[in-house]
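Working notes, structure below.
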Amino acid sequence: MARLEIVPSTFFTPATKIGLSISVATGLYAISYGALGVAAGLNIWQIAALSLLMFTGGSQFAFIGVIAGGGSPGAAFGAATLLGVRNAVYGMQVKSMIRPRGLKKLLAVQLTIDESTATAAGQGDPAEQKRGFWVAGIGVYLLWNIFTIVGALLGDAMGDPKTWGLDGAAVAAFLGLLWPRLKSSEPIAVASVCALVTVLAVPLVPPGVPILVAAIVAGVWGYFGRGPSDEGLEPDIKPRGTREELA
């Protein structure tokens, strides 16, 4: 009698589970964006278009924040663009990790956001990096747009979005991705300094800018830092023998 072998699923890997989890957490946050967009005076179609085309939460919140404060569309676009610069930096890292080709390059550009990049970067295996990027990117895109409409339709009926804890969902997801990577003193030090800089910058600069300040601090640290430690590496061993023997 033949034995029934159970082949483990190649889809529900750790990267896939992380990607799906962060998709749900981030997608729910879009309810807050949709409700705030209505409060800022945008209609449902404008709010939905921002999610479909701009698709970067920080930039979208900055855009509606400027509009709600009485700013011009040009000023709102400028603030959103400033915050979107970080995605260009992510693009270089994503390209080296997943190496998209053909039409996948265009799709990868649209899906390169905080969540997809963090999910991919948190994996050690190249296949898991690709899987994590696509699952998180596509998952967040779909749920973000769905819950944007939900939030816009609910509008003021849901009250203050913060009372639902949605503003903390994405933050909690990021902490879950970051924590396992703090395995040595230097990453812990970088994370601590960036967190302190972010807290100090919050009351001084517009929303979304503190994360850019922290990114600059981390980049400067990495550029001027001592680099990877040489501990554990074998010393250079000079070959023995005469020149004739080595030739």
Q | All positions within segment 176-186 that are at pLDDT 75 or above and either under 20 Å from I22 (Cβ atoms) or not hydroxyl-bearing (S, T, Y) (or both) | A | E186
**Q.** G91 modelled with pLDDT under 90 and in contact with a Lys or Arg (Cβ under 8 Å, 6 or more places away or on another chain)
**A.** no
Q) Does segment 41-48 contain any residue that is crowded, with 20+ Cβ neighbours inside 10 Å, under 17 Å from L143 (Cα atoms) and not polar (S, T, N, Q)? A) yes
Q: From the list R101, R86, pick out the single residue that is of a type in the set (K, R) and either outside any helix (DSSP H, G or I) or closer than 19 Å to G151 by Cα (or both).
A: R101
Q: Being exposed (fewer than 13 other Cβ atoms within 10 Å of the Cβ) and either polar (S, T, N, Q) or within 20 Å of the chain's Cα centre (by Cα) (or both) is the filter here, so list the residues in segment 63-88 that pass it.
A: S72, V85, A88
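The values are calculated or read from the model by the stated rules, or taken from the named source; none is laboratory data. Remember, it's a predicted structure, so these values are computed and weren't measured experimentally. Methodologically, a virtual Cβ is constructed for each residue, glycine included, from the backbone with ideal geometry; neighbour enumeration extends over all protein chains shown.
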